[in-house]
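**Q** I have a structure I would like to understand better, so I am pasting it below and will then ask my questions one at a time.
Please treat every number below as a calculation from the coordinates, not as lab data. Because the structure is predicted, anything quoted here is derived from the model rather than measured. All Cβ positions, glycine included, derive from the backbone under ideal geometry; neighbour counts span all protein chains shown.
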Amino acid sequence: MPLPFSVPAALLPLAVLPSFAAPVTTMDADFAPATAFLPPTAVSYAQDLVPFGAHAHVTVVRAGGRTTVQLRLSGVAARHSFPVHAHTGRCGADPAAAGPHYQDQLDPVQPSTDPAYANDSNELRLTVLTDDEGTGTAQSTVDWDFRPGEARSLVLHAGTPADTPTGTHAAADRAACIDVDF
Ligand SMILES: [Cu+2]
């Protein structure tokens, strides 16, 4: 028996799109002051480490329930180690705006310091070590998908120079931030 109206089969895939985000996302951004006339996609809070005009290239690959994030930096401090993490909030004029680290299994105690939650497999973390030109690439793969809308940035912490244990900033300070839609 024919249906009284045609089933809009072509529209059905739309209903499941949110759980199948684009498999690969790439984005490019130049670091700028948070006070720029147009709100920048990438903000620097420490020009000695991340000068305005330095560049970030971000690739996010989602496949089979795993997520790989690659970050390429250029024009930043040479021979420097930058710890980089996925954070929950958008970048803002205040470095704290990006909020805490995104966690797959959310630690019921915040701020999260319990190593059962604050670790490399429950958070997206990578370390970019730059060369003599201030260019470096790092990537990390986790065994989960980001919950849509809950991770909104990559924060570059100040880290340390590659050759000395201490820098001019506290290592945990936030040197820069990139808005990324995970
Ligand atoms: Cu962080």
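**Q** Rounded to two decimals, what is the ratio between the C-alpha radius of gyration of the chain and 2.2 N^0.38 Å? Display every interim value, and only then the final one.
**A** Working: Rg = 18.9 Å, N = 182, 2.2 N^0.38 = 15.9 Å.
Normalised by 2.2 N^0.38 Å, the Cα Rg of the chain equals 1.19.
**Q** Multiply the residue gap between Asp173 and Thr113 by 0.36 nm, knock off their C-alpha separation, and tell me the result in nm, one decimal place. Don't skip to the end; give the middle numbers.
**A** Numbers: separation 60, 0.36 × 60 = 21.60 nm, distance 1.65 nm.
This chain segment gains 19.9 nm when fully extended.
**Q** PRE reach from Arg79 (point 7 Å along Cα→Cβ): which of the stretch 151-168 fall under 19 Å by backbone N?
**A** Zone members listed by number: 159-168.
**Q** Same structure, new question: I'd like the antiparallel share, as a percent to the nearest 5, of DSSP beta bridges with both residues in the chain.
**A** On the way: 43 of 45 bridges.
Rounded to the nearest five, the antiparallel share is 95 percent.
**Q** Tell me the chymotrypsin sites (Phe, Trp or Tyr not before Pro) within the stretch 16-125 that lie in a loop according to DSSP and have at most 15 other beta-carbon atoms within 10 Å. Write down the numbers at each step before the final one.
**A** Working: sites: Phe20, Phe31, Phe37, Tyr45, Phe52, Tyr102, Tyr117; in loops: Phe20, Phe37, Tyr45, Phe52, Tyr102, Tyr117.
Listed in order of number, the matching sites are Phe20, Phe37, Phe52.
**Q** Quick one: divide the alpha-carbon radius of gyration of the stretch 93-174 by 2.2 N^0.38 Å and tell me what you get. Please list the in-between numbers first.
**A** Details: Rg = 14.3 Å, N = 82, 2.2 N^0.38 = 11.7 Å.
That works out to 1.22 for the stretch 93-174.
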